[in-house]
Amino acid sequence: MVNLIGLVLQMAYYEEIAAVVLAGGSGSRAGYVEKALLEFDGAPLLTHIIDKLSQITKTIIISVRDEAQKKLFSERFTGVTIVVDKHHGIGPLAGIEAGLSSSDKEYTLVLGCDMPFLNLDVLRYIMERCKGFDVTIPRWSDGKLEPLHAIYRTGAMLDEVKRSIKNGERFILAPTFKRELIQYIDVNELREFDPPLNTFRNVNTEDDVKNIFSTSPKTL
């Protein structure tokens, strides 16, 4: 009974965190096709991501670049909120701004649409540690960060993202570096759940999708 209560409370906490998936990129490295719609294991990449995220949150937001993409995605994906970027030609900050603007949760997880091996245990681990921080973000031993596996305090980071855009700062981490309440999670802590850290792996070309099964375990 105690474990059941703990599980219920844990799920209630997860549901207080929204998830934003950035899908508005032009897909230039994928031959100018929609990366989110690339077929992977019999379904579009975005389908796999939505199916996984639906296990840990009820609030899934997809950011897209324009109304045409929104129409296309609305016909294919249900049960999610699709929002259009207000800014163009500035990279992923546009999608982050649109996603955070649509989130009604205190914290928001931000992910890319091209990560077929998302590991839910990794995401849960990050989600359970975000309380009290403006940014909770995985960090490699060389200092490299994973902004598309990060959780942002929605209100504070939305203001910071807007300032970065206004100031012409397009670097995805620019808003993060302006905050003091940053929690870095050593990626080695995440190997307990995902030893090869495939959760961070993304696909950029059609060849990536074709070859991915020959180089990674099937974990979908």
Return yes when PHE133 is free of Cβ contacts under 8 Å to residues at least 60 places away in the same chain and assigned to a helix (DSSP H, G or I) and no when it is not.
-> no
Among the residues of segment 65-81, is there at least one that is surrounded by 22 or more Cβ atoms within 10 Å (Cβ to Cβ) and either closer than 20 Å to VAL161 by Cα or modelled with pLDDT of 95 or more (or both)?
-> no
Of all the residues that make up segment 93-116, how many are modelled with pLDDT under 95 and either among the β-branched types (Val, Ile, Thr) or in contact with an Asp or Glu (Cβ under 8 Å, 6 or more places away or on another chain) (or both)?
-> 1
Matching residues, segment 38-64, being touching a residue at least 24 places away in the same chain (Cβ under 8 Å), over 25 Å from ARG124 (Cβ atoms) and surrounded by fewer than 21 Cβ atoms within 10 Å (Cβ to Cβ) = GLU39
Failed criterion for ASN167 (all others in (1) surrounded by fewer than 21 Cβ atoms within 10 Å (Cβ to Cβ); (2) in contact with a Ser or Thr (Cβ under 6 Å, 6 or more places away or on another chain) hold) = (2)
Please find, within segment 139-154, the residue that is surrounded by the fewest Cβ atoms within 10 Å (Cβ to Cβ) out of those that are touching a residue at least 12 places away in the same chain (Cβ under 8 Å) and not in a strand (DSSP E or B).
-> SER141
Within segment 93-125, the residues that are in a helix (DSSP H, G or I), within 11 Å of the chain's Cα centre (by Cα) and not aliphatic (A, V, I, L, M) are GLY95, GLY99
Among the candidates ARG153, ARG201, residue that is at pLDDT 95 or above and not hydroxyl-bearing (Ser, Thr, Tyr) = ARG153
Tell me, yes or no, whether segment 186-197 has at least one residue that is assigned to a strand (DSSP E or B), of a type outside the set (Gly, Ala, Ser) and loosely packed, with under 14 Cβ neighbours inside 10 Å.
-> yes
Report, by residue number, each residue of segment 109-134 that is β-branched (Val, Ile, Thr) and within 13 Å of ILE17 (Cα to Cα).
-> VAL110, ILE126
Exactly one condition in (1) in contact with a strand residue (DSSP E or B) (Cβ under 9 Å, 6 or more places away or on another chain); (2) surrounded by 22 or more Cβ atoms within 10 Å (Cβ to Cβ); (3) modelled with pLDDT under 95 is not met by VAL135; state its number.
-> (3)
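The values are calculated or read from the model by the stated rules, or taken from the named source; none is laboratory data. Since the model is a prediction, treat every value here as computed from it, not as a measurement. Virtual Cβ from ideal backbone geometry, glycine too; neighbours counted across all protein chains shown.
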